[in-house]
Amino acid sequence: MPNNLRIAIADDHTIFRKTLSDSLIYEEGLNVVFNAANGNELLFELKRHPIDVIILDLDMPIMSGQDALKLIKEKYPQIKIIVLSMHNDLQLIRNMFIEGTNCFLSKGCDIDDLIDAIHAVWKQGFYFTEDFPRELIYSMLEAKEIQTCPSTAVKFTDRELAILKLVCKGESRSEISKKLNISIRTVENHRYNISKKIGSSSSINILIYALHSGIAKISSDQEIVFN
């Protein structure tokens, strides 16, 4: 992983680009290399500047984000793409993942979600917020439409693995504390270690990691079971 992830922002609203850039520029581990107002500018700058992650708006003049996405995935398949959009149509979102998007966020998302997403898409290839429809995630997993990164095997301690499995089943911190007879602070410490290892603290991303790594699987009746 690079010492600093190189970020590009493509959005046709100047104030939004500047505000977002200013929010990320001092974040440790991130380097905003350039901004672009449309797909043409983005592709031109990509010829001059190596980039790791692009934050991409869909609705831009001259060349839309959707058209730019297709060309970027052909020319620079290693670049991770986070779509940041006001659209919430599920079929559109699914199509974006089919075309190679690594994450789809609302423009109204919290900046911490975006920062988590940047690190997660680089490390594991995907990121979802907690409120993303799980049935859509499951269907995309079955159709292999979620792009993932080949990763080295992560080693978990026995306690971390026990907590990871309970997180996958939707257990809260207090429920995990009671079931494992440990303090909530201890649960939080182990969850922090798990999130650092897989690149995301979101329970839905922990679940997807478990499914892709073979720790868990979805049964025929849509239940989470463990191998």
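Here is how the numbers come out for the structure above:
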quantity: Per-region count, the stretch 191-218, residues among the hydroxyl-bearing types (Ser, Thr, Tyr), surrounded by 15 or more Cβ atoms within 10 Å (Cβ to Cβ) and part of a helix (DSSP H, G or I); calculated: 4
quantity: Hits in the stretch 143-163 (condition: closer than 16 Å to Ile98 by Cβ and either touching a Cys at 6+ places or on another chain (Cβ under 6 Å) or touching a residue at least 24 places away in the same chain (Cβ under 8 Å) (or both)); calculated: Glu145, Ile146, Gln147, Thr148
quantity: The one condition in (1) more than 22 Å from Asp116 (Cα to Cα); (2) touching a residue at least 12 places away in the same chain (Cβ under 8 Å); (3) not in a helix (DSSP H, G or I) that Asp221 fails to fulfil; calculated: (2)
quantity: Qualifying residues in the stretch 30-60 (those that are assigned to a loop (DSSP other than H, G, I, E, B) and surrounded by fewer than 17 Cβ atoms within 10 Å (Cβ to Cβ)) - the one modelled with the lowest pLDDT; calculated: Asp59
quantity: Tally, over the stretch 127-156, of residues that are closer than 20 Å to Leu90 by Cβ and either at pLDDT 90 or above or touching a Leu at 6+ places or on another chain (Cβ under 8 Å) (or both); calculated: 6
quantity: Given (1) touching a helix residue (DSSP H, G or I) at 6+ places or on another chain (Cβ under 8 Å); (2) in contact (Cβ under 8 Å) with a residue 24 or more places away in the chain; (3) not β-branched (Val, Ile, Thr), index of the condition Leu166 fails; calculated: (2)
quantity: Flag if Ile118 is touching a residue at least 60 places away in the same chain (Cβ under 8 Å) and assigned by TED's automatic domain parsing to the domain that holds Ser23; calculated: yes
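The values are calculated or read from the model by the stated rules, or taken from the named source; none is laboratory data. What you are looking at is a predicted structure, and each value in this text was computed from that prediction instead of being measured. All Cβ positions, glycine included, derive from the backbone under ideal geometry; neighbour counts span all protein chains shown.
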